């Protein structure tokens, strides 16, 4: 019985260690300006470096189906969103899978979200949620990355 248990544990270990977490986009975060006072509007800049052979859907899509890039903020009363998340220069193509035009990025994605500072020492945290797909066969993976701005 112990031998069977040992074999199962060993096989499980090798199975789990062979699983690879695919993260084809690496995010960096900046703000303009880098320091802000109460009442000031700040641009939060989200920049994603996309691996070769992958693409990322924009925040603005003209068809239903693909998962748009979204920024989810943790509310804490120190800031207020101004407008919506704005994609910077996405490409557009007709996508046969979704039977319509989609906006997307290759190599690099950039998004800007304006916020108004409500309190001194504002801390803006949350996560950016997106979907990346392979150019070769269209396989897609969801991505979530946390961010934090201290203004």
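Nothing in this text is a laboratory measurement; each read-out follows from the coordinates by a stated rule. Everything numeric here is computed off the predicted structure, so don't read it as measured data.
Here are the numbers for the structure shown:
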| item | result |
| --- | --- |
| GNM flexibility winner over the chain from 55, 94, 104 (Cα, springs under 10 Å) | 94 |
| Value of [θ]222 nm, deg cm²/dmol, for the chain, DSSP H segments ≥ 4, -39500 (n - 2.57) each, nearest 500 | -3500 deg cm²/dmol |
| For region 21-85 versus region 114-144, the gap between their alpha-carbon centres in whole angstrom | 5 Å |
| Region 110-150: translational diffusion in µm²/s, Stokes-Einstein, Kirkwood Rh over Cα pairs, 10 °C, 1.306 mPa s | 124 µm²/s |
| 0 to 90° range, to nearest 10: angle between helix 2-17 axis and the chain longest Cα axis | 40 degrees |
| Length released on extending from residue 28 to residue 76, taking residue separation times 0.36 nm less the Cα-Cα span | 15.1 nm |
| Cα Rg, Dmax (largest Cα-Cα span) when computed across region 24-150, Å | 15.5, 49 |
